[in-house]
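Trainee: I am attaching a structure below and will ask some questions about it afterwards.
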Amino acid sequence: MSSGSELAVPSTRTARGGRTMQTVERWVVPLFTAAAVFYLLVPILVMIAYSFNDPPGRFNFVWGKFSLAAWLNPFGRPGLQEALVTSLGIAFIATIVATALGTLIALALTRYDFRGRSSTNVFLFIPMATPEIVLGASLLTMFVGTAQEPFKTLTGGLLFPLGAQTILVAHVMFNISFVVVTVRARMQGFPRHLEEAAMDLGANEWTTFWKVTFPLILPGILAAFLLCFSLSIDDFVITQFTSGTEQTFPIWVWASIRNNFPPQIHVISTMVFAGAILLVALNTLNERRVERRDRRIGSEEAARAAAAHQEAPA
Amino acid sequence: MTRRRWLLPYLLIAPGLLWLALFFVLPNIQMVLMSLSSGTIRSGFEFSWAFENYVEAFTRFPDNVVNSLVFGGLATLLCFLIGYPMAYGIAFRGGRYKTLLLFLVIAPFFTSFLIRTISWRIILGDQGVFLSLVRDTLGIVPPNFSIIGTPLAVVSGLTYQYLPFMVLPLYVALEKIDYRLIEAARDLYAGPWRRGGAITGAFGGGFLAAALMLGLRYASLDAESLVPLLLAVAAGAAIGAVVGSFLISEAFVRVIWPLSLPGVFAGSILVFIPTLGDYVNVELLGNPQTQMIGNVIQNRFLQQNDYPLAAALSFILMAAILVAIIVYARVLGTEELTGGRG
């Protein structure tokens, strides 16, 4: 670092320290980071590996021998297919509703300065920081409360007894904040001048939104959609509190831990994981492509503007 | 026209906020009312200012409260020790792999919480990979040593599950730091921090060793376990001193650490509070002696239908998170919470 410095005393000190610091920065920190990321992925690798297991007993917890049996017969357990279909259905509807509601909030928060904006920010953070057990428990308390009059007539008896509809209500609720955070993160650095240009050219707000704003924020909305879908399909705690006798895939898994844990569970989980990762990867690649194109157009515009500027004074 | 513009943001946020009001705020109010009610599910619950539910919540489950605080605290500490260098690595040394690394950090969220916990049960089981390595191959632990059903398994599970919640806010805080500040510090002769790092590391390592020995119940505060406890503390302090003197630089202590404190606070809250309410890890990795407050809440709500007491316990968790958020918003502002202004 400053080994060639003329200040003799501090230079030897920093030179020696500089070397260890450089080693730490260049090797120790990246290696540790890589190891820690690998640690986060280990359970996923185990999940994939054990979907190819032929366990010695009824529980797929101990390695027996390699087998494709579970992959060739992924729904070979009673109730498994129904539970997965229920999960997919609830996740799909909950995600659509939550994405719509959350995107509207994200739009309001990023493009308007209004009274109550910062309280809205804090308010939206609270459901994300609240432990899942509290979200589930409070919903259960309320749903059970609607079994009594006058709430029974008020809600039309829809919220009790519990079932797919109460799971849906809960999943929309916990997904809204995640949509807001995801969409608004993608809206940072949003090219406002494009909207202004559209308005200048006579488009009204409605047309501007659908022709300019929406296509630009679509990748962000898709990212939020994918996140919500996988949060919803994998949710266990809140679902356990709001499901009654309805079985989603995670609830089915929980019920099977005690008496029988077939490798099919890991097959389905691997499929769900692979599907989610594939869609997220496709969306990210698409976003990159759009970004590159925008940057190219941007730099061409800048070049043209610079050229025009040079010509102007002449 | 001007009136409509004024109204527009409110119209945009109304549907979403209404949903949250109906299915987040209202249920929590209902839960507070329930926590002050008396009665059984057969006779119906009646609101009666029954503060004894809270007294009962604090006094009736002392073991579970202690387990929650100890396991949650240890998991938070371990998440911090793993998560800080990790977030630092991604933020400053990630380079063009930054996005990929962040994606890998949240990749576990694309599988179910249950499945990930079961994976740990497979890995740490008596016939699992981990024990076959350290017990059978290396012989570090005695042949009858097992992990599943012990506090170690529960804390390992919690640490794993909540690590991303520590890494992400730390990353956000570290990423914001202008790297030129660190270069400037080095130009101004911020070198290694040998003596300070060694002392900090020694204290940290000793404390961690004692916390792990006592918290994971490998030692207790009696004469019998005094020797192993002291040995562990000495070993922890020695390792900590070496690691601290090499890893902690003056630039880190003076520049990076103070600027990353908001992330440390946010990450610790996001790990500690949810671990208190966790019941899945204990159920799958622990035993009846390791049950935490989350298990009591789950059991009271879903098996015993003892709603008032369970509601009181849940509301204590809710109140803790609310206090933390209010403190955070007061100290650091509201924009920090949800990722800044768009």
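The values are calculated or read from the model by the stated rules, or taken from the named source; none is laboratory data. Nothing here was measured: the structure is a model prediction, and the numbers come from that model. As a convention, Cβ positions derive from the backbone with ideal geometry for all residues, glycine included, and neighbour counts pool all protein chains shown.
Trainee: Select, from B:28, B:53, the only residue that is in contact with a helix residue (DSSP H, G or I) (Cβ under 7 Å, 6 or more places away or on another chain), more than 11 Å from chain A (Cβ to nearest Cβ) and surrounded by 12 or more Cβ atoms within 10 Å (Cβ to Cβ).
Mentor: B:53
Trainee: Something else now. Can you name every residue in the stretch B:33-44 that is surrounded by fewer than 22 Cβ atoms within 10 Å (Cβ to Cβ) and within 9 Å of chain A (Cβ to nearest Cβ)?
Mentor: Once the filter is applied, which keeps residues that are surrounded by fewer than 22 Cβ atoms within 10 Å (Cβ to Cβ) and within 9 Å of chain A (Cβ to nearest Cβ), the stretch B:33-44 yields B:33, B:41, B:44.
Conditions tested, residue by residue: (1) over 22 Å from residue A:178 (Cβ atoms); (2) out of contact with any Cys (no Cβ under 6 Å at 6 or more places or on another chain); (3) acidic (Asp, Glu); (4) assigned to a helix (DSSP H, G or I).
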residue	(1), (2), (3), (4)
B:88	yes, yes, no, yes
B:105	no, yes, no, yes
B:108	no, yes, no, yes
B:115	no, yes, no, yes
B:126	yes, yes, yes, no
B:132	yes, yes, no, yes
B:136	yes, yes, yes, yes
B:141	yes, yes, no, no
B:144	yes, yes, no, no
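Trainee: In addition: Restricting to the stretch A:24-82, name every residue that is in contact (Cβ under 8 Å) with a residue 24 or more places away in the chain and of a type in the set (Asp, Glu).
Mentor: A:54, A:82
Trainee: I've got another one for you. Which of the residues belonging to the stretch A:205-253 are without any contact (Cβ under 8 Å) to a residue 24 or more places away in the chain and within 24 Å of residue A:268 (Cβ to Cβ)?
Mentor: A:236, A:253
Trainee: Filter the stretch B:56-86 down to residues that are more than 20 Å from the chain's Cα centre (by Cα) and part of a helix (DSSP H, G or I) and give me whichever is surrounded by the most Cβ atoms within 10 Å (Cβ to Cβ).
Mentor: Among them, the one singled out is B:57.
Trainee: State yes or no: is residue A:232 within 14 Å of chain B (Cβ to nearest Cβ) and either in a helix (DSSP H, G or I) or at pLDDT 95 or above (or both)?
Mentor: For residue A:232, the condition - within 14 Å of chain B (Cβ to nearest Cβ) and either in a helix (DSSP H, G or I) or at pLDDT 95 or above (or both) - is met.
Trainee: Shifting gears a bit: Quick check on this structure: which one of A:109, A:154 is of a type in the set (A, V, I, L, M), at pLDDT 85 or above and either at negative phi or not assigned by TED's automatic domain parsing to the domain that holds residue A:241 (or both)?
Mentor: A:109 is the lone residue from the list that is of a type in the set (A, V, I, L, M), at pLDDT 85 or above and either at negative phi or not assigned by TED's automatic domain parsing to the domain that holds residue A:241 (or both).
Trainee: Just one of B:221, B:188, B:181, B:168 is closer than 18 Å to residue B:74 by Cα and not small (Gly, Ala, Ser); which is it?
Mentor: Result: B:221 is the single residue among B:221, B:188, B:181, B:168 that is closer than 18 Å to residue B:74 by Cα and not small (Gly, Ala, Ser).
Trainee: Does residue B:121 count as within 13 Å of another protein chain (Cβ to nearest Cβ), of a type in the set (D, E, K, R) and within 19 Å of the chain's Cα centre (by Cα)?
Mentor: no
Trainee: Turning to a different aspect of this structure: Considering only residues of the stretch A:36-55 that are facing chain B (nearest Cβ under 7 Å), surrounded by 16 or more Cβ atoms within 10 Å (Cβ to Cβ) and touching a Pro at 6+ places or on another chain (Cβ under 8 Å), which is farthest from residue B:128 (Cα to Cα)?
Mentor: This residue is A:36.
Trainee: If you don't mind, there's one more thing I want to ask. Of all residues in the stretch A:176-198 being in contact with a Gly (Cβ under 7 Å, 6 or more places away or on another chain) and among the polar types (S, T, N, Q), which is surrounded by the fewest Cβ atoms within 10 Å (Cβ to Cβ)?
Mentor: Here the answer is A:188.
Trainee: Of everything in the stretch A:187-205, what is part of a loop (DSSP other than H, G, I, E, B) and more than 14 Å from every other protein chain (Cβ to nearest Cβ)? Give them in sequence order.
Mentor: Selection gives A:201, A:202, A:203.
Trainee: Can you report the number of residues in the stretch A:263-314 which are among the hydroxyl-bearing types (Ser, Thr, Tyr) and over 21 Å from the mean Cα position of the chain (by Cα)?
Mentor: Summing the residues that are among the hydroxyl-bearing types (Ser, Thr, Tyr) and over 21 Å from the mean Cα position of the chain (by Cα) in the stretch A:263-314 gives 1.
Trainee: Does any residue of the stretch B:4-14 turn out to be closer than 19 Å to residue B:303 by Cα and among the charged types (D, E, K, R)?
Mentor: No, the stretch B:4-14 contains no residue that is closer than 19 Å to residue B:303 by Cα and among the charged types (D, E, K, R).
Trainee: Which of the residues spanning the stretch A:111-138 are in a helix (DSSP H, G or I), within 26 Å of residue B:10 (Cα to Cα) and within 7 Å of chain B (Cβ to nearest Cβ)?
Mentor: Result: A:118, A:120, A:121, A:122, A:124, A:125, A:126, A:127, A:129.
Trainee: Of all residues in the stretch A:199-217, which are modelled with pLDDT of 90 or more and crowded, with 16+ Cβ neighbours inside 10 Å?
Mentor: Result: no residue meets the conditions.
Trainee: Would the stretch B:124-135 turn up any residue that is of a type in the set (D, E, K, R), farther than 30 Å from residue A:166 by Cα, out of contact with any His (no Cβ under 6 Å at 6 or more places or on another chain) and not assigned by TED's automatic domain parsing to the domain that holds residue B:309?
Mentor: No, the conditions are met nowhere in the stretch B:124-135.
Trainee: Would you pick out the residues in the stretch A:44-66 that are aliphatic (A, V, I, L, M) and either under 19 Å from residue A:254 (Cα atoms) or in a strand (DSSP E or B) (or both)?
Mentor: If the condition is that a residue be aliphatic (A, V, I, L, M) and either under 19 Å from residue A:254 (Cα atoms) or in a strand (DSSP E or B) (or both), then A:44, A:46, A:47, A:48, A:62 are the ones that fit.
Trainee: Just to be sure I understand the filter: pairs with C-beta atoms under 8 Å, separated by 6 or more residues or on different chains, first member in the stretch A:176-192 and not assigned by TED's automatic domain parsing to the domain that holds residue A:229, second member surrounded by fewer than 21 Cβ atoms within 10 Å (Cβ to Cβ). Which pairs pass?
Mentor: Taking only residues 6 or more apart or on different chains, not a single pair turns up.
Trainee: Next question, about the same structure. Does residue A:105 count as buried (at least 22 other Cβ atoms within 10 Å of the Cβ) and among the aliphatic types (A, V, I, L, M)?
Mentor: When the stated conditions are applied, residue A:105 passes them.
Trainee: Taking the options A:153, A:141, name whichever one is assigned to a helix (DSSP H, G or I) and touching a Pro at 6+ places or on another chain (Cβ under 8 Å).
Mentor: Exactly one of A:153, A:141 is assigned to a helix (DSSP H, G or I) and touching a Pro at 6+ places or on another chain (Cβ under 8 Å), namely A:141.
Trainee: Out of everything in the stretch A:249-277 that is among the hydroxyl-bearing types (Ser, Thr, Tyr) and facing chain B (nearest Cβ under 10 Å), what residue ends up being nearest to residue A:81 (Cα to Cα)?
Mentor: A:269
Trainee: Okay, next question. Pick out, from the stretch B:200-299, the helices (runs of 4 or more DSSP H) lying fully within it that include 1 or more residues that are surrounded by fewer than 16 Cβ atoms within 10 Å (Cβ to Cβ) and within 22 Å of the chain's Cα centre (by Cα).
Mentor: Qualifying helices (runs of 4 or more DSSP H): B:257-276.
Trainee: Which condition breaks for residue A:171 when tested against (1) away from chain B (no Cβ under 11 Å); (2) part of a helix (DSSP H, G or I)?
Mentor: Among (1) away from chain B (no Cβ under 11 Å); (2) part of a helix (DSSP H, G or I), residue A:171 violates only (1).
Trainee: Still on this structure, please answer the following. Just give me the residues in the stretch A:238-271 being under 26 Å from residue A:143 (Cβ atoms), in contact with a helix residue (DSSP H, G or I) (Cβ under 9 Å, 6 or more places away or on another chain) and among the hydroxyl-bearing types (Ser, Thr, Tyr), in sequence order.
Mentor: A:239, A:242, A:243, A:248, A:256
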